[in-house]
Amino acid sequence: MPINYSERIPNNVNLGGDRRLQRALEAWQPGFLQWWSEMGPETFQGCDVYLRTATSTDAQGWATFGYVKMPDYRWGIFLADPEPDRRIPFGQHKGEPVWHEVPGEHRGILRRLIVTQGDTEPASVEQQRHLGRTCPSLYDLRNLFQVNVEEGRHLWAMVYLLHAYFGRDGREEAEALLLRRSGNADNPRILGAFNEKTPDWLSYFMFTHFTDRDGKYQLASLAESGFDPLARTCRFMLTEEAHHLFVGESGVSRVIGRTCQLMKEHNTDRVGEYGGIDLTIIQKYINFHYSVSLDLFGSELSTNAANYYSAGLKGRFKETDRDDDHLLTRTGYAVLKPDHGVIVRTEQSALIALNETLRDSYIADCERALARWNKVIREAEIGFELKLPHRGFRRSIGEFAGVNVTPDGQIITDEEWRRRATDWLPAQADRELVASLMKPVTAPGQFASWIAPPARGINRQALDFEYVTALPEN
Ligand code: BYC
C-alpha cells in the first residue's frame, strides 16, 4: 500500500519531493511495523494512549498531545533547523564548512556510529516490552509507551540518515537494525547494556535514568558532528530525550519517597512486608545499572574515539562551549587505571582519552541527580545516603574489565568478590521481592504500594486522568 508521506510520516526533510528516499522508506516501513507488532509493547497495542507526537520542530508542533493507538503513531523524521554558515567545530577539519553529504574518506566510521546509535533504540523497546502487564499506574503506563514510541522514532531518525546518505549499504544496515534482538545469543544488539533484561519497573526506572542518560551524552557528542544532517538529527532527538530522563529520575525518586514514608510509618528499614522496596535494595539496583551504563562509553583509552574526533565526526559534550584548541593533539587528560592491586591516576593524551572525558561529564551529571534523591531521604529525616559506586566497579569494558573493584574503589580477590557480590548487587531474594510487588494498578489515579504518586500529571492533566483507555480485559 503506498504511503501518504506528509500525513503518515510528519517530516521536515522534504520526503514528499524525494522519490528515491520515498522508495527506500516504503520498502523499510512494513518491516518496521512488523517488528513493532512482534517486539513492541505487549498486550496494549489496541488501547488509546495519551501520547505526544512531534509534527514539526517549532514550539507548537514538537509536542502535540492526543489519544493514539500505538501502531497508528506517526513516526516522523525531524532535523533541528540548520545553523547558517556552520563550521566543523573540532578535529583536523576544524573551521571548514560542515558537510551536507557524507565525506568519502570517513564513510565507514560514520556509518558505524549511526548504526551503533540506531541499534540501541529498538533494543530498549524490546527490553521493555513486557512491562505494561505490571504497570504501577496508568500515568506510568502512558510514560512507558511514550518512551517506547519515541525510541521507535529515534530508530526512524537513524534509518533516515542511512537511507538518505549511504545508498545500498545504508539500506542493508537499516534492515539489519530490525533483525538483531536484545539478548539473543545468535544475533544480539551491539552494546552490552542493551542485551540485559529489564525485568521489573525498578529496573526500568534505573534504565531510563542511567542508560538513557548515556544516550543524552552520546547524542550531545554527535550533535557536534561536522556531518550536519547527523548533528541536526541528534539535536532534535535530545529534546525528546529530556522526558525519558525525567521518567527515570522522577520514577526512582518516587520509589525512594514511598520507601521513606513506609519506614517512618512502621519504624523499620525493612519495608518489604508493607509493600515497599528497601533503600539497600535500591542501592544495589543503582550499582548494577550505573556500572552497566558506564561501560557504554567504551574503553578509557580508545583509538576509535580519537579517530572519530580527529575526523570531525563525534565531539565532546558541549564541544563548542569549551575554551581550548579543539584539536587535543598536545593536551593531557587524567585517567584512573588499576596497577598492581591499586588504582592510580595516570596522565594520558586527551585525544586517546575522549571516552573517559565523556564518561566524566556523565558521572558529574549522575552525581547531581543522586544528590536530589538523597535530598528526599534527608527531608524524611532518615539517616541513609545513596552512593554511586566507584567507576571501576563491575566493569566489563576497558581498563577495569576483569578487575574486582569494590563500590568504594578497593581491588579485591576473586574469592572475596564471590563472597561479597550480593552485598553490592541485587541478590536473587532482592529480585524476588521486587518481582512480588509488581502487581498491575490500572484504576485512574491509583498507584502501586511501592511508589509515590508524581507531583503532577502529564501536560497539565490531573493525576486521575485516563492516560490509557480501552484496556484489555483482566
Ligand atoms: N558493549 O575503543 P572502544 C542511547 C566495543 S545510548 C559492547 O572501547 P569506542 C539509548 C566497540 O564497539 C547511546 N561492545 O570503544 C539509551 C569496539 O568494537 P570493535 C548509544 C562495546 O568504539 C537508552 C570495541 O569494543 N549511542 O541512545 O571508542 C534507550 C573497542 O572499542 C562496548 C552511542 O553509543 C559495550 N558497552 O566507543 C535508548 C554512540 N563499548 O571495533 C537509546 C555511538 C565498546 O572492536 N557509539 N564496545 O568491533 C560510539 O560512539 C561508540 O561506538 C561507543 C564505543 C562509545 C559505544
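The values are calculated or read from the model by the stated rules, or taken from the named source; none is laboratory data. Since the structure is predicted, the reported quantities are computational estimates derived from the model, not experimental observations. All Cβ positions, glycine included, derive from the backbone under ideal geometry; neighbour counts span all protein chains shown. Heads up: the accessible areas ignore ligands, DNA and RNA and are worked out on the full protein's heavy atoms, side chains in. Shrake-Rupley method; radii C 1.70, N 1.55, O 1.52, S 1.80 Å.
Points to keep in mind about this one:
- Residue count for region 183-222 satisfying the condition of being in a loop (DSSP other than H, G, I, E, B) and in contact (Cβ under 8 Å) with a residue 60 or more places away in the chain: 8.
- Evaluation of THR422 against (1) among the β-branched types (Val, Ile, Thr); (2) surrounded by 17 or more Cβ atoms within 10 Å (Cβ to Cβ); (3) not in a loop (DSSP other than H, G, I, E, B) (one fails), failing number: (2)
- Count - residues of region 308-333 that are farther than 17 Å from ASP365 by Cβ, aromatic (Phe, Trp, Tyr) and more than 8 Å from the ligand (Cβ to nearest atom): 2
- Only listed residue being within 16 Å of the ligand (Cβ to nearest atom) and of a type in the set (Val, Ile, Thr), chosen from VAL468, VAL434, VAL441, VAL403: VAL403
- Enumeration of residues in region 350-383 that are touching a Gly at 6+ places or on another chain (Cβ under 8 Å), in contact (Cβ under 8 Å) with a residue 40 or more places away in the chain and within 16 Å of the ligand (Cβ to nearest atom): ASN355
- Subset of region 272-307 [more than 16 Å from the ligand (Cβ to nearest atom), surrounded by fewer than 23 Cβ atoms within 10 Å (Cβ to Cβ) and in a loop (DSSP other than H, G, I, E, B)]: GLY275, ASP278
- Conditions (1) crowded, with 17+ Cβ neighbours inside 10 Å; (2) more than 30 Å from VAL441 (Cβ to Cβ); number of the one not met by VAL68: (2)
- Candidate set: region 334-349, residues that are in contact (Cβ under 8 Å) with a residue 12 or more places away in the chain and not aliphatic (A, V, I, L, M); chosen: the one farthest from the ligand (Cβ to nearest atom): GLY341
- From the options PRO84, PRO89, residue that is closer than 21 Å to GLY226 by Cβ, over 22 Å from the mean Cα position of the chain (by Cα) and open to solvent by less than 30 Å² (accessible area, probe 1.4 Å): PRO89
- Among the numbered conditions (1) within 26 Å of TRP424 (Cα to Cα); (2) in contact (Cβ under 8 Å) with a residue 60 or more places away in the chain; (3) in contact with a strand residue (DSSP E or B) (Cβ under 9 Å, 6 or more places away or on another chain); (4) not basic (Lys, Arg), the only one that LEU301 does not meet is (1).
- Residue match in region 153-163 (condition: open to solvent by less than 10 Å² (accessible area, probe 1.4 Å), within 16 Å of the ligand (Cβ to nearest atom) and not in a helix (DSSP H, G or I)): no
- Condition check for ASP321: surrounded by fewer than 20 Cβ atoms within 10 Å (Cβ to Cβ), closer than 20 Å to LEU386 by Cβ and either touching a strand residue (DSSP E or B) at 6+ places or on another chain (Cβ under 9 Å) or of a type in the set (Asp, Glu) (or both): no
- Scanning region 15-32 for residues that are aliphatic (A, V, I, L, M) and either touching a strand residue (DSSP E or B) at 6+ places or on another chain (Cβ under 8 Å) or open to solvent by less than 60 Å² (accessible area, probe 1.4 Å) (or both) yields LEU15, LEU21, ALA24, LEU25.
- For region 173-183, a residue qualifies if it is open to solvent by 30 Å² or more (accessible area, probe 1.4 Å) and closer than 12 Å to GLU121 by Cα, and the qualifying residues are ARG180, ARG181, SER182.
- Residue in region 184-231 that is least open to solvent (accessible area, probe 1.4 Å), counting only those that are of a type in the set (D, E, K, R), more than 17 Å from the chain's Cα centre (by Cα) and more than 13 Å from the ligand (Cβ to nearest atom): ASP228
Yes or no, residue by residue, for (1) assigned to a loop (DSSP other than H, G, I, E, B); (2) at pLDDT 95 or above:
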{"site": "VAL49", "(1), (2)": "no, yes"}
{"site": "ARG52", "(1), (2)": "no, no"}
{"site": "SER56", "(1), (2)": "yes, no"}
{"site": "ALA59", "(1), (2)": "yes, no"}
{"site": "TRP75", "(1), (2)": "yes, no"}
{"site": "PRO84", "(1), (2)": "yes, yes"}
{"site": "GLY91", "(1), (2)": "yes, yes"}
{"site": "LYS94", "(1), (2)": "yes, yes"}
